């Protein structure tokens, strides 16, 4: 199997000045075409460290993809380090990249300076994939098996995500052309409302019985729940059938917490159900401050089914806009089953939607009590058939509590939609 390492170069990543988003995108594309990503590495702006680190990775992997360190300024030393690593004795000017540099700078009303022109200079023994979105070319260095014990290829991409990801299609195509790749088949199952440890316990026997060549990964996320990913290597159709058989067994064990059998989000699943049945939804939020609405409307086309929201942070808004009776707040408080149920019913009637969801809770860090601690949230879901409320408690900081409140609200309304629309 072809193995790869993804390397980022730049002190700005190591000191936390910028976040490396390139590696995750590159890893997904490599996996999709049958390359196993064996490692990721960040290297500082040091000539000797770059060479020694890349030599080590090339000895372990058939493919090494490098991003960063290819800018026009003097502190970008990667190109010189790559020239030394490759054994190049001289430099050549890539005419196609130079033409792109002229086009880009002239389109911005800028002159082409010597420092810009120098970006078209590459080590003489490297191949070039033109960077049509920027000025630094993609350099390709191929090493014979005598150098590292196996054929190896290094791809050097710019660090700017727009440019790196824009060139990725051409890089993947080159990798597929020069390597005999074994297909990797992935399937994803999305779960919510169960902790990773509890989920692992429920499926322990099933997991232990998996064939040795089918691998399971747990990928928890506060907003989407625990993602289970099954992977198998080999002929795609055969492996797909084997994975489907395992998923059928899994459905019988944890079908109650599965909300999708593909890599998806709660808000997208909600949208699919509403569009399929021609129904609408609205939201009323207190503690989540509009996050539930934001998540729902992050889905393209949500205007077909999402009508609106009331962020009723103050009790006066709960009463005067949503119609929550004052006596409910006085007797039970704003964070209560009675209040959140009335909020859900109020926004559904106000907007004229088929369904609604409401939240009221204590995100923290202050405002809690023994009876109503920080992390407590009440969620209400409503439709013409009735209103249900749910009490949940989380134990995290304010930001994470709010995220979990919102995601849990989406899950509760999804389960209601699933029950009422699919029955």
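Express the relative contact order of segment 3-178 as a whole percentage, based on alpha carbon pairs under 8 Å and six or more residues apart in sequence. Show your work: numbers first, answer last.
Details: 315 pairs, mean separation 41.6, N = 176.
Computed value for segment 3-178: 24 percent relative contact order.
Comparing mean-square fluctuations of 263, 111, 170 from a GNM of the chain with C-alpha springs under 10 Å, the top value falls on 111. In the chain, the DSSP-assigned H stretches of four residues or longer account for a calculated mean residue ellipticity at 222 nm of -12500 deg cm²/dmol, using -39500 (n - 2.57) per stretch and the full residue count as denominator.
Distance from the Cα centroid of segment 185-230 to that of segment 1-61 is 27 Å (rounded to whole angstrom).
Quote the relative contact order of the chain in percent (integer), defining contacts as alpha-carbon pairs under 8 Å separated by 6+ residues. Relative contact order for the chain comes out at 11 percent.
Here the Kirkwood formula puts the hydrodynamic radius of the chain at 25.1 Å, using every distinct Cα pair. Just for segment 264-415, what percent of DSSP beta bridges are antiparallel, to the closest 5? Within segment 264-415, antiparallel bridges account for around 60 percent of the total. Each label was represented as a point 7 Å from its Cα along the Cα-to-Cβ direction; for residue 112 and residue 144 these points are 3.6 nm apart.
From the Kirkwood radius over Cα pairs of segment 130-266, Stokes-Einstein at 20 °C and 1.002 mPa s returns a whole-number translational diffusion coefficient of 119 µm²/s. Give me the one-decimal Kirkwood hydrodynamic radius in Å for segment 374-423, with the sum taken over alpha-carbon pairs. For segment 374-423, the Kirkwood estimate is 11.7 Å. Of 134, 87, 16, which has the largest mean-square fluctuation in a 10 Å C-alpha GNM of the chain? Maximum among the listed residues: 16. Take the Cα of residue 173, step 7 Å along the line toward its Cβ, and report every residue of segment 84-110 whose backbone nitrogen sits under 18 Å from that point. Of the residues in segment 84-110, 96-97, 100 have backbone N under 18 Å from the label point off residue 173. The three principal axes of the Cα atoms in segment 3-178 give end-to-end lengths of 46, 35, 33 Å, sorted in falling order.
Here the alpha carbons of segment 184-260 define both size measures, Rg and Dmax, at 12.0, 35 Å. Modelled spin-label separation between residue 93 and residue 400, with each label point placed 7 Å from Cα along the Cα-to-Cβ direction: 5.6 nm.
May I ask for the percentage of alpha-carbon pairs in segment 211-347 that lie more than 26 Å from each other? It would help to have the intermediate numbers written out before the result.
Values: 4314 of 9316 pairs.
For segment 211-347, the fraction of Cα-Cα distances above 26 Å is 46 percent.
Pick from 360, 294, 385: which residue has the top mean-square fluctuation in a GNM of the chain where Cα pairs under 10 Å get a spring? Top of the fluctuation ranking is 385. Scaled to the compact-protein estimate 2.2 N^0.38 Å, what is the alpha-carbon radius of gyration of segment 329-423, rounded to two decimal places? Expressed relative to 2.2 N^0.38 Å, the Cα Rg reads 1.09.
Can you order the peptides 214-223, 32-41, 55-64 by their average number of other Cβ atoms within 10 Å per residue, highest first? Each step should come with its number before you reach the end.
Working: 214-223: 14.2, 32-41: 17.0, 55-64: 20.3.
Order by mean packing, descending: 55-64, 32-41, 214-223.
For the pair residue 219 and residue 186 in one chain, pulling the backbone fully straight at 0.36 nm per residue adds 10.5 nm over the alpha carbon distance. Here, segment 1-64 yields an orientationally averaged convex hull projection of 4.1 nm² when only Cα atoms define the hull. How large is log10 I(q)/I(0) at q = 0.10, 0.11, 0.13 Å⁻¹ when the Debye formula is applied to the Cα atoms of segment 266-422, each weighted equally and without solvent? Calculated log10 I(q)/I(0) at the listed q: -0.31, -0.37, -0.52.
FYI, it's all coordinate maths here, none of it is from the lab. Predicted, not measured: the structure shown is a model, and the values here were computed from it. Note that we place each Cβ from the backbone using ideal geometry, even for glycine, and neighbour counts take in every protein chain shown.
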